[in-house]
Structure formats: C-alpha cells, structure tokens
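A short reminder: the numbers here are calculations on the coordinates, not readings from a lab. Please read all numbers here as calculations on a predicted model, not as lab measurements. Note: ideal-geometry Cβ built from the backbone for every residue, glycine included; neighbour counts use all protein chains shown.
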Ligand code: AP5
C-alpha cells in the first residue's frame, strides 16, 4: 500500500471524508491545506487574516503562503512514514514545488459530476472546532445541528455559498485540472469514481493505492 499520497478532485468530491478515515487506517498524517487555513482564519493569525478574503471568495490563497505551510508540515516527524495531501497541490506551480520537497507515489483523482458536487456542497455542514464533516442527507449528525464529537453547533462553510462555489469550480477547471495531465505523464495517477456510498468509494481508493 502506498503511503505518499495526493488526493485530487473538485470541491465536494469527498476527498476530505475519505482522507480522514484512510490516514487513520494507514497511520499517516492527513494534511489538508483547507483545514490548516480554516484553523488559521478561526485563530485570527497573520496567515489566517491574509487567507480569509481569498477563501471566502472561492479563490486560491497565494502559493507562497501555502508552500510555507507545506514545508513546515513535511519537516515534522509524523510525516516521515508518509503523508496524505488533501487539497494540495492546487496548481502547476505548487506541484513543481512539491516535487522538490518530497516523492509522491500515488495521486488518486476523484471523479464526480457537477450536479452531485453541488448537492454535496449545499448539504455539507462542518464543525468549526474539530473540522468534522457532515452531510444533512448522507452523513447526518446524531443530534441535528450539533457535532457528534464535541457538541459544537455545526456551520455551513462561507465558501459553500453559491457564488463562491461557482468560483471554486472555475478555479478547479482552470488551475487544478491541468494536474491530471502532469501526474498522468508521471504514471502515478489513478482516477476513481467518487459516486456511491462512502464505504464503496473507500474500497476504490484502497485498490487505487495498491
Ligand atoms: P479545501 O478545504 O481544500 O476545499 P475543496 O478542495 O474545495 O474541497 P472540499 O473541502 O469542498 O470538498 P471535499 O472533496 O473534501 O469533500 P468532503 O469530503 O468535505 O479548500 C478550501 C479553500 O482553501 C480553497 O478554495 C482555497 O481558497 C484554500 N486552499 C486550500 N488549499 C489550497 C492550496 N493548496 N492552495 C491555495 N489555496 C488553497 O465532502 C463534501 C460533502 O459530501 C460532505 O457533506 C460529505 O459528508 C459528503 N460526502 C462525502 N462523500 C460522500 C459520498 N460518498 N456520498 C455522499 N455524500 C458524501
């Protein structure tokens, strides 16, 4: 099983849902640049203050900020046995920079049609404290509106508003989708069908990592 992994795919395809369970199973860190940036925004750090406007509008945060986060994170001891990047790299410049920092063994790309993506994003609710992800239809919390793990009130992400979603999908098509060719040429890309129940998708991910 590969342990130096990148998950690629449009917003709402289910990368975060699969990444958190797989990283636990493999004992490697789940490195979500989106989660790291959202925590920085919540803590009002200088990084968060700079990232906030870009994120709520659905645009990418400048590469220099993101690459600083990645460099620091890859140096931490828990990333020695492997890593699972979710939401990074996001463009060709980030992919080029990552090649200089670490060897990626496998890139799993999540395919889902736009109607399903929109449905998943509209129904998503997240815990602002522990970042757990729910879905009003497919993965509801045990008590409506409240995180199962810490009892915090769930929120709708600001960038899940329709205008921001439209920008995120456009940014994905223009800046992130070219990575499919980049990693395809390197022979490490494995596309998977991201439709269906989470357990079925998890099985496809596992097969893609063999
Ligand atoms: P980020 O947090 O990375 O967002 P994203 O890539 O747009 O992905 P999402 O979190 O929206 O979706 P997901 O694929 O993880 O789906 P999920 O599992 O939650 O980035 C946010 C922002 O941060 C960016 O726009 C940018 O501004 C900035 N940023 C981050 N990284 C950056 C970088 N490298 N460079 C520059 N800027 C960066 O699932 C979605 C919903 O569907 C949930 O409700 C879930 O419960 C449900 N669901 C999941 N799987 C299934 C299933 N199989 N069946 C039914 N429902 C399902």
State the antiparallel share, in %, of DSSP beta bridges confined to the chain, rounding to the nearest 5.
25 percent
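Given contacts defined as C-alpha pairs under 8 Å and at least six residues apart, what's the relative contact order of the range 59-183, whole-number percent? Provide the component values of the computation, followed by the final result.
Values: 88 pairs, mean separation 34.9, N = 125.
Reported relative contact order: 28 percent.
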How many angstrom lie between the Cα centre of the range 101-148 and the Cα centre of the range 1-75?
13 Å
Which shape class, rounded, prolate or oblate, goes with the chain when its Cα gyration tensor gives a ≥ b ≥ c as root eigenvalues, a/c under 1.5 marks rounded, and past that a/b bigger than b/c marks prolate?
rounded
Ranking 195, 160 by Cβ neighbours within 10 Å, fewest first, what do you get?
195, 160
Running a GNM on the chain with Cα contacts under 10 Å, which residue among 90, 24, 124 ends up with the highest mean-square fluctuation?
24
Take the range 16-134, compute every pairwise Cα distance, and split them into 10 Å bins from 0; I just need the percent in each bin.
11, 41, 40, 9, 0
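When you count, for each residue, the other Cβ atoms within 10 Å and take the mean per peptide, how do 53-61, 7-15 rank with the highest first?
Numbers: 53-61: 16.9, 7-15: 24.4.
Put in order of decreasing packing, that is 7-15, 53-61.
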Would you mind computing, in nm to one decimal, how far apart the modelled labels at residue 206 and residue 49 are, each placed 7 Å from Cα along Cα→Cβ?
4.7 nm
Label model pair residue 100, residue 138: point-to-point distance (7 angstrom along the Cα→beta-carbon line) in nm is 3.8 nm
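Order of 85, 110 from fewest to most other C-beta atoms within 10 Å?
Values: 85 26, 110 22.
By the 10 Å Cβ count, ascending, the order reads 110, 85.
Determine the gain in length on full extension of the stretch residue 78-residue 156; use 0.36 nm per residue of separation and subtract their C-alpha separation, reporting nm with one decimal. Don't skip to the answer; put the middle values down first.
Values: separation 78, 0.36 × 78 = 28.08 nm, distance 3.09 nm.
Computed gain between residue 78 and residue 156 is 25.0 nm.
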Among 106, 38, 21, which one shows the biggest mean-square fluctuation in a GNM of the chain, springs joining Cα atoms closer than 10 Å?
21
Projected label distance in nm at residue 129 and residue 181, using a 7 Å step from Cα toward the beta-carbon
4.7 nm
